[in-house]
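Asks: Encoded as structure tokens, here's the structure I'll be asking about.
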Amino acid sequence: MGSSTSARPPGRPRTGVNAVVFAATLSTVHELGYARATVERIAAAAGVAKSTVYRRWPSKGALIVDCLLDAFGPAPLEGASRAELMSSTIHWIAAKVGEPGVGDAFAGVFSDAVSDPSLREILSARLQDPYRLALQDALGEPENRVLFFIDVVVGTLLHRMGMTGEPMADPDVAALVDMVLPHFSEDPSPT
């Protein structure tokens, strides 16, 4: 073999494995529900060994958090005003939660985190904090107000998924925007 041979061990190329596992995670959660979407089933759907998954993610919760980060991507933070930015953010979150498997995965990992402090830390540090910091910067709001914004919006969307099994319909998302925006229309108060 020539000098173009890499030192990487044989097997599936590293690039692309995460994407394959994330797609398998969402499809498995969508088909079976969060609780029945085990790491074993996800690995089988991805066509990888269970050990491949566990080398990258120490638990199902850690896998789900990274899968959600991938599914959500960066917050668009679009709008010429604070109200437009918050409105577009709410619509963006609602659309993402409505994607197949995403809302179920989010609600499931959130529920597991209630009684699992290490998962709660992963969920907070890896999923919530990047979006919180981006919103704080874009809105010029203090942490406590941005956390409240996230709690109200995400909590409402996940509650709807949990109660109906369906994402929130567009007219209800618009009503949520109308309810949330007045609270944040004022400049942030000093902390």
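The values are calculated or read from the model by the stated rules, or taken from the named source; none is laboratory data. It should be emphasised that the depicted structure is a prediction, and the values quoted were computed from it without experimental measurement. Every residue, glycine as well, gets a Cβ built from its backbone with ideal geometry; the counts of neighbours run over all protein chains shown. For accessibility, only protein heavy atoms count, side chains too; no ligands or nucleic acids. Shrake-Rupley method; radii C 1.70, N 1.55, O 1.52, S 1.80 Å.
Asks: Below 13 angstrom from the Cβ of ALA105, what's the summed charge of the other residues (Lys, Arg +1; Asp, Glu -1)?
Replies: Value of the local net charge: -3.
Asks: Here is a follow-up. Using 0.36 nm per residue, how much length does the chain from ASN144 to HIS159 gain when fully extended, once their Cα-Cα distance is taken away?
Replies: The ASN144-HIS159 span can extend by a further 3.3 nm.
Asks: Using a Gaussian network model on the chain with a 10 Å cutoff between Cα atoms, which of THR38, THR28, THR164 fluctuates the most?
Replies: Of THR38, THR28, THR164, the Gaussian network model singles out THR164 as fluctuating most.
Asks: Once ligands and nucleic acids are excluded and a 1.4 Å probe is used, how much of ILE93 is accessible, expressed in Å² to the nearest 10?
Replies: ILE93 exposes around 20 Å² with every protein chain in place.
Asks: Sticking with this structure for a sec: Using only the Cα atoms of region 93-191, build the gyration tensor, take square roots of its eigenvalues as a ≥ b ≥ c, and label the shape rounded, prolate or oblate: rounded if a/c is under 1.5, else prolate if a/b is larger than b/c, else oblate.
Replies: Oblate is the answer for region 93-191, as a/c is 1.5 or above yet b/c matches or exceeds a/b.
Asks: Just tell me, in residue order, which DSSP H segments of the chain are both 20 angstrom or longer along the helix axis (alpha-carbon based) and at least 0.0 in mean Kyte-Doolittle hydropathy.
Replies: 17-32, 82-97, 143-164, 170-184
Asks: So, in Å, what gap is there between the alpha-carbon centers of region 19-82 and region 123-138?
Replies: One Cα centre to the other: 19 Å.
Asks: Still on this model: When a/c is below 1.5 the answer is rounded, else prolate if a/b is larger than b/c, else oblate, so apply that to region 20-179 with a ≥ b ≥ c taken from the square roots of the Cα gyration tensor eigenvalues.
Replies: Because a/c hits 1.5 or more and a/b exceeds b/c, region 20-179 counts as prolate.
Asks: When the dipole is taken about the Cα centre of the chain, and only Lys, Arg (+1) and Asp, Glu (-1) are charged at their Cβ, what size is it in debye, to the nearest 20?
Replies: 1220 debye
Asks: Per residue, what volume in Å³ does the convex hull of the Cα atoms of region 47-103 enclose?
Replies: 89 Å³
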